[in-house]
Amino acid sequence: MARTREFDTEAAVGRAMELFWTRGYEATSVRDLTRHLGIGQGSLYAAFGDKDGLYRAALEHYRSTFAAAALSGLEEGADARSAIRALLVERIRIAVEHGGRGCLLVNAVTERLPEDRPTRRVVRDVLAANQEALADLLRAAAERGEISARHDAYTLAGFLVTFLNGLLVSSKITPDVRALEPLVEVALTTLD
């Protein structure tokens, strides 16, 4: 007879996400995970397969929480410039928290790629969704005359996503919102 799982896997994934985000994949051992989650090694393997499985679940959790929240701010009807400014500044704020732990997805890229194809797939999907959402916002803003139409909306969105990823890397080096926020204003000049 199979034993029933004695822990909340959703809560465990959220807690694992925090640990991976703070320490990174390589510096987080299975022992660290079992201690942090308060579960046995057998339970971790039964629920997630292995450390990689839990890591992928943590990346997916990040995608459905933090990344999804970032995109939802673009849909609230604010003007494009304000919405993009708010998105970028909020991402910086989250990245500099906890001593500059950065962005879990950017951290995953710098630590796990090019070898880890499942991580590449998750990050690529998130970045593609971000670029599409920004491109939609930019197209609508250009049609309303809110921003210049001199750049293709999809290309401009790609620039903003790339710029944001660079900011998130920089936030690990300089975890200071006041130092990074002025760069957002420079990036926003691409909308003129």
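Say a site is exposed when it is one of the GluC sites (Glu not before Pro), sits in a DSSP loop, and has at most 11 other Cβ atoms within 10 Å; what is then the longest site-free stretch of the chain?
116-192
As an exercise, use a Förster radius of 41 Å and the Cβ-Cβ distance of residue 181 and residue 117 to find the FRET efficiency, rounded to the nearest 0.05.
The formula returns an efficiency of 0.70 here.
Once the Cβ-Cβ distance between residue 34 and residue 93 is put in as r, and R0 is 35 Å, what FRET efficiency do you end up with, to the nearest 0.05? Don't skip to the answer; put the middle values down first.
Values: r = 32 Å, r/R0 = 0.90.
The computed FRET efficiency comes out at 0.65.
Do any trypsin sites (Lys or Arg not before Pro) in segment 138-175 lie in a loop, going by DSSP, with at most 15 other beta-carbon atoms within 10 Å of their beta carbon, and if so which?
Here the trypsin sites (Lys or Arg not before Pro) that fit, given the DSSP loop and packing criteria, are 144, 150.
At 1.4 Å probe size, with every protein chain present, just tell me what the per residue accessible area of the chain comes to in Å².
Ligands and nucleic acids excluded, the figure is 52 Å² per residue.
If you average the sequence gap of Cα pairs under 8 Å that are 6 or more apart and divide by the length of the chain, what percent do you get for the contact order?
Result for the chain is 24 percent.
When the scattering of the chain is computed by the Debye formula from its Cα atoms alone, each counted once and equally, what is log10 I(q)/I(0) at q = 0.11, 0.16 Å⁻¹?
-0.55, -0.99
Tally Lys and Arg at +1 and Asp and Glu at -1 over the other residues with C-beta under 12 Å from the C-beta of residue 151: what net charge comes out? Intermediate values should be presented prior to the final figure.
On the way: positive: 139, 150; negative: 152, 192.
Every neighbour counted, the sum reads 0.
So if R0 is 25 Å, what FRET efficiency would residue 169 and residue 69 give, r being the distance between their Cβ atoms, rounded to the nearest 0.05?
Numbers: r = 21 Å, r/R0 = 0.83.
So, using R0 = 25 Å, E works out to roughly 0.75.
Tilt of helix 9-23 relative to the longest C-alpha principal axis of the chain, in degrees (0 to 90, nearest 10)?
70 degrees
Taking all protein chains as present, what is the carbon and sulfur share of the accessible area of segment 24-97, in % to the nearest whole number, probe 1.4 Å?
Heavy-atom surface of segment 24-97 belonging to carbon and sulfur, 1.4 Å probe: 49 percent.
Restricting to DSSP H runs of at least four residues, report the calculated mean residue ellipticity at 222 nm for the chain, -39500 (n - 2.57) per run over all residues, nearest 500 deg cm²/dmol.
-23000 deg cm²/dmol
Run the dipole for the chain about the Cα centre, Lys and Arg Cβ at +1, Asp and Glu Cβ at -1, nothing else charged, and hand back the magnitude in debye, nearest 20.
Numbers: 24 positive and 27 negative charges, 112 e Å.
It works out to roughly 540 debye.
Given a 10 angstrom Cα cut-off, can you work out which residue in 88, 113, 104 is the most mobile in a GNM of the chain?
Evaluated over the chain, the most mobile residue of the options is 113.
With label points built 7 Å along Cα→Cβ from the Cα atoms of residue 8 and residue 79, find their separation and express it in nm.
If labels sit at residue 8 and residue 79, their model points lie 4.3 nm apart.
Please give the helix 153-173 orientation as an angle from the longest Cα principal axis of the chain, in degrees from 0 to 90, rounded to the nearest 10.
In the chain, helix 153-173 runs at an angle near 50 degrees to the longest axis.
The values are calculated or read from the model by the stated rules, or taken from the named source; none is laboratory data. A quick note: this is a predicted structure, and the numbers were derived from the prediction, not measured. Positions of Cβ are generated from backbone atoms using ideal geometry, with glycine treated the same way; all protein chains shown enter the neighbour counts. Each accessible area value is taken on the protein alone, full model and side chains, heavy atoms only, with ligands, DNA and RNA left out. Shrake-Rupley method; radii C 1.70, N 1.55, O 1.52, S 1.80 Å.
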